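The values are calculated or read from the model by the stated rules, or taken from the named source; none is laboratory data. All values reported here derive from a predicted model rather than from experimental measurement. No Cβ is skipped: glycine too gets one built from the backbone with ideal geometry, and neighbour counts run over all protein chains shown. Keep in mind that these areas ignore ligands, DNA and RNA; they rest on the heavy atoms of the full protein, side chains included. Shrake-Rupley method; radii C 1.70, N 1.55, O 1.52, S 1.80 Å.
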Amino acid sequence: MFGLYQGLCGVYFWHSLPTSNSVCLAVIERAFSLRSPSPRNMENILPLVKNIVPPLTSKKHKGQDGRIGIIGGCQEYTGAPYFAAISALKAGADVSHVFCTKDAATVIKSYSPELIVHPILDSPNAVAEFEKWLPRLHSIVVGPGLGRDDKLLENAKGIIGKSRSRDIPIVIDADGLWLVSQHPSIIQGYQMGILTPNVMEFSRLYEAVCQDSMDSSDKKRNVMRLSEAMGNLTVVLKGEEDIIFDGDKMVVCSHEGSSRRCGGQGDLLSGCLGVMAHWAFMSTTEKTNGVKPSLIAAFGACSLTRQCNRQAFHRHGRATTTTDMIAEIGAAFKKLFES
């Protein structure tokens, strides 16, 4: 059974009303799009993201606007953690840490002197080593370049557990989602957790967690079911349009990007989401209008990624890469959230 209510800034959402028969069917929303011919939809949603962006002021000290930890990086995959970490910095974080394997550390350091790289992820006491840094982190992103080595996955499990105990946002992407599909309980029910699967990752997660075959014709319903099965976690299904559901409300981000789909775009999104989640969860209820912070942060990160893609494609066309998109973060951020 569904009810309609007027939400933030006049946007209407469908939300679930308690019934004895319905468990997974929770929400259908009035989808809006930043491409909509009506500018009112743009005006309705963007203030929520703008509200959580911390002002730049000389009164702050380094670290206040975000210290983000990226959990991933192994011999095979060094680009993904770099993309996530540098994107967090470009979006406005003050410090980005990468916790990776020993053989990936030198490579990742060579990409940028601006990242703090910890070669601990494959050490016997990786979780204890990470825990020393945990009080300095505002959020973590688990998965970019993680790989599927059993030892690394076990250490990532421990890191997620320690981070949950500190009540910080946890974004899970890429092979971190593979880990969740094998062990859903590591993040299940954690209301500061955000899952960001693409279509293939979503299908694997859905079948593992919901223990049911997926109806590919109804993506919104699938997202709602997975979110509820995971304890009302925020789920971001990336695709032609990004479907975001927080266990209560759903928004669809259809901000114009481009037809170019190069590897690494999801890492850019997860890094930006890591810092935006910190900002959102630190914001007052006045600034979020009572909307779940993870929903606002996810919409902001999806919109920013799409705008970067659009701008980079305008410059480079078919040759566009994620490096080109990262170069657009500053201008895209200003256009969307500071204009």
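The GNM of the chain, with springs linking C-alpha atoms under 10 angstrom apart, assigns the highest mean-square fluctuation among Ala80, Ala174, Ala208 to Ala208. In a simple Cβ point-charge model (Lys, Arg +1; Asp, Glu -1; nothing else charged), the chain has a dipole of about 860 debye relative to its Cα centre. What fraction of the DSSP beta bridges in region 188-312 is antiparallel, stated in percent and rounded to the nearest 5? Beta bridges within region 188-312, antiparallel portion: roughly 80 percent.
Assuming charge only on the beta carbon of Lys and Arg (+1) and of Asp and Glu (-1), the dipole of region 146-217 about its Cα centre is about 360 debye to the nearest 20.
Nearest-5 percent of antiparallel DSSP beta bridges in the chain?
Values: 12 of 33 bridges.
Once the DSSP bridges in the chain are tallied, antiparallel ones form about 35 percent.
Here's the picture: charge each Lys and Arg Cβ at +1 and each Asp and Glu Cβ at -1 in the chain, and of Val291, Phe245, Pro47 the one pushed furthest to the positive end of that dipole is Pro47.
Measure out, as a whole number of angstrom, how far apart the alpha-carbon centroids of region 148-225 and region 57-74 sit. Cα centroid to Cα centroid, the span is 24 Å. Rounded to the nearest whole Hz, the Karplus-based 3J(HN,Hα) values (6.51 cos²θ - 1.76 cosθ + 1.60, θ = phi - 60°) of region 135-148 follow the sequence x, 8, 9, 9, 7, 10, 10, 10, x, x, x, 5, x, 10, with x at glycine and proline.
Between the listed residues His314, Trp279, Gly263, the Cα displaced farthest toward the positive end of the dipole of region 207-339, a dipole computed from Cβ unit charges relative to the Cα centre, is found at His314. The packing ranking, built from the mean of other Cβ atoms within 10 Å per residue, places the peptides 53-65, 157-169 in the order 157-169, 53-65, highest first. The structure-derived value of log10 I(q)/I(0) by the Debye sum over Cα atoms at q = 0.09, 0.10, 0.12 Å⁻¹ appears in the list [x] -0.63, -0.76, -1.02; [y] -0.55, -0.66, -0.91; [z] -0.43, -0.54, -0.79 under the label [z].
Charged side chains reduced to their Cβ positions (Lys and Arg at +1, Asp and Glu at -1) give region 59-102 a dipole of some 260 debye around its Cα centre.
With an a/c value of 1.5 or above and a/b not larger than b/c for the gyration tensor axes a ≥ b ≥ c computed over the alpha-carbon atoms, region 83-144 is described as oblate. The lysines whose alpha-carbon is closer than 21 Å to the alpha-carbon of Lys132, local same-chain residues fewer than 8 away aside, are Lys62, Lys102, Lys109, Lys151, Lys157, Lys162. Between the residues Gly92, Pro184, Ile68, the greatest Cα displacement towards the positive end of the dipole of region 50-207, with unit charges on the Cβ of Lys, Arg, Asp and Glu, is found for Gly92.
Do you know the relative contact order of the chain, to the nearest whole percent, from alpha carbon pairs under 8 angstrom that are 6+ apart? Could the numbers behind the result be given before it?
Numbers: 710 pairs, mean separation 65.3, N = 339.
Relative contact order, the chain: 19 percent.
From the square roots a ≥ b ≥ c of the eigenvalues of the alpha-carbon gyration tensor of region 212-339, which class results: rounded (a/c under 1.5), prolate (a/b over b/c), or oblate? Oblate, because a/c is 1.5 or more while a/b does not exceed b/c.
Using Cα springs under 10 Å in a Gaussian network model of the chain, which residue among Ser216, Ser139, Ser254 shows the largest mean-square fluctuation? With Cα springs under 10 Å in the chain, the top fluctuation among Ser216, Ser139, Ser254 is at Ser216. Under the criterion of Cα pairs below 8 Å and six or more residues apart, the relative contact order for region 229-326 equals 30 percent.
Note on Asp218 and Val199: the extension gain reaches 5.6 nm, defined as 0.36 nm multiplied by sequence separation minus the Cα-Cα distance. Annotation: per residue accessible area for the chain equals 43 Å², rounded to a whole number [probe 1.4 Å, protein chains only]. Hey, in the GNM for the chain with a 10 angstrom Cα cutoff, which one of Trp279, Trp178, Trp133 fluctuates hardest? Maximum among the listed residues: Trp133.
Working note: 222 nm ellipticity from helices only, DSSP H runs with n ≥ 4, each -39,500 (n - 2.57), summed and divided by the residues of the chain, gives -14000 deg cm²/dmol to the nearest 500. In the neighborhood of Leu134, defined by Cβ-to-Cβ distances under 13 Å, what is the net charge if each Lys or Arg adds +1 and each Asp or Glu adds -1? Summing Lys/Arg as +1 and Asp/Glu as -1 gives +3.
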